[in-house]
Structure formats: C-alpha cells, structure tokens
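Taking it in order: structure first as structure tokens, then the write-up.
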Ligand code: S3P
C-alpha cells in the first residue's frame, strides 16, 4: 500500500463479476472518483472496445490498458474498475499493488454467463458457446486473480454488502500502514 492518505482501490476480476457496479457504489460512499479502464480507452480512441479489437487488434487494446495504468489516472482518491484481462500483462499486477489496494471479485461461470449474455460489448465472449468459453477462460485466469489481491465472492451477495466489506478491508489495510 502506498504512503499517501487516500490510496486508490483497484477492482480486478473476470468480466461480469460486478467491478463497475461495485466500483460506482464504492466511489459514491467514499467520495472518490470512479474510473473504468475500458471507458478511458473508448474516450481516448473514440472507438468502442469491439471496434478496437476488430480494427486494431487485441495487442493495441492491451497497450492502451497499460498506458491507462501507467500514466492515465491519479495516484489517489480513485476507485478503478480494471478490464478483466488487464492484470495478465507483464508488470501490471505489481503496478496496481504499488499504487493501492487490489480487490479481486469472483463469481461462478454460470453467474457470469447470466450477467453478460445480453451484452455484445465484450469481444472475447462474442462466440458461439459463451458459457463454454467463460468456463475455459475463467479456469485459465483463476490463479492470476487469486494472486492479484484480496478475493471476494459476489455470488448471492448484495452490492451494499460487498461495498461494506471492501470499505472495511480498505480501512484496516490503511490503519495498519499508518
Ligand atoms: C476483457 C474484459 C473487458 C474488456 C475487454 C477484454 C478481458 O472488460 O476489457 O473486453 O480480457 O477479460 P470487463 O472485465 O470490464 O468486462
């Protein structure tokens, strides 16, 4: 945890684990700024995420995610919802950990499928059998999310309950450091 008085909180985890919903509510409660890496990239490029994947390719998208973390946001008083693949790039997990508290949100493949099935904005899930792809990719990424930060399971829990839990972790981590 960095030395500043209001370190950022980074929400990581698979698509559909609730990072944006929980992040917005956290930001409101703590009176911090809410940021979303995908929104930042869309604003910067003027393109949607599927357009970037299709027209410029995934590596360009990944380098924009890196740019956002390295130089696109303030180092305090922010709640940052990180795209589901962001922490898998070289050095990114460590970059988040050095800038603030990292929380990993988890949900079952079935819950993720239900939450994402009507949304066409996620190129990695625009496939014939999205549930199968969710199960495959989740399995591949699970240990990375576990290593990144404090894990919270979101299945069957309300947003206020999860937000309360995260604020408690944040305050405890912060009090321990000062
Ligand atoms: C991705 C997750 C998406 C978005 C892009 C790739 C991933 O963000 O960054 O479609 O690799 O898991 P959300 O996790 O906010 O849906």
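The values are calculated or read from the model by the stated rules, or taken from the named source; none is laboratory data. Since the structure is predicted, the reported quantities are computational estimates derived from the model, not experimental observations. Because the Cβ atoms are built from the backbone with ideal geometry, glycine has one as well, and the counts that use them run over all protein chains shown.
Being in contact with a strand residue (DSSP E or B) (Cβ under 9 Å, 6 or more places away or on another chain), more than 14 Å from residue 141 (Cα to Cα) and part of a helix (DSSP H, G or I) is the filter here; which residues of segment 77-103 pass it? Once the filter is applied, which keeps residues that are in contact with a strand residue (DSSP E or B) (Cβ under 9 Å, 6 or more places away or on another chain), more than 14 Å from residue 141 (Cα to Cα) and part of a helix (DSSP H, G or I), segment 77-103 yields 96, 97, 99. Tell me, yes or no, whether segment 142-156 has at least one residue that is more than 18 Å from residue 9 (Cα to Cα), touching a helix residue (DSSP H, G or I) at 6+ places or on another chain (Cβ under 7 Å) and loosely packed, with under 14 Cβ neighbours inside 10 Å. Yes, segment 142-156 has at least one match. Give the residues of segment 94-111 that are within 14 Å of the chain's Cα centre (by Cα) and in contact (Cβ under 8 Å) with a residue 60 or more places away in the chain, sorted by residue number. 96, 100, 101, 102, 103, 104, 105, 106, 107, listed by residue number.
Taking segment 1-22 as the range and being within 10 Å of the ligand (Cβ to nearest atom), on the phi < 0 side of the Ramachandran plot and not in a loop (DSSP other than H, G, I, E, B) as the test, the residues that pass are 11, 12, 19, 20. Condition check for residue 110 on (1) within 23 Å of residue 54 (Cβ to Cβ); (2) at pLDDT 95 or above: one failure, at (1). Residues of segment 26-42 include at least one that is within 14 Å of the ligand (Cβ to nearest atom), surrounded by fewer than 19 Cβ atoms within 10 Å (Cβ to Cβ) and farther than 20 Å from residue 167 by Cβ. Scoring residue 51 on the criteria (1) surrounded by fewer than 20 Cβ atoms within 10 Å (Cβ to Cβ); (2) more than 8 Å from the ligand (Cβ to nearest atom); (3) within 24 Å of residue 104 (Cβ to Cβ) leaves a single failure, condition (3). In segment 117-137, the residues that are within 14 Å of residue 51 (Cβ to Cβ) reach residues that are within 13 Å of the ligand (Cβ to nearest atom) and not in a helix (DSSP H, G or I) with C-beta atoms within less than 6 angstrom, at least six apart or across chains, in these pairs: 122/15.
Only a single item in (1) surrounded by fewer than 18 Cβ atoms within 10 Å (Cβ to Cβ); (2) within 21 Å of residue 86 (Cβ to Cβ) is not met by residue 125, and it is number (1).
Between 42, 65, the distinction of being under 20 Å from residue 141 (Cβ atoms), outside any strand (DSSP E or B) and without any contact (Cβ under 8 Å) to a residue 60 or more places away in the chain belongs to 65 only.
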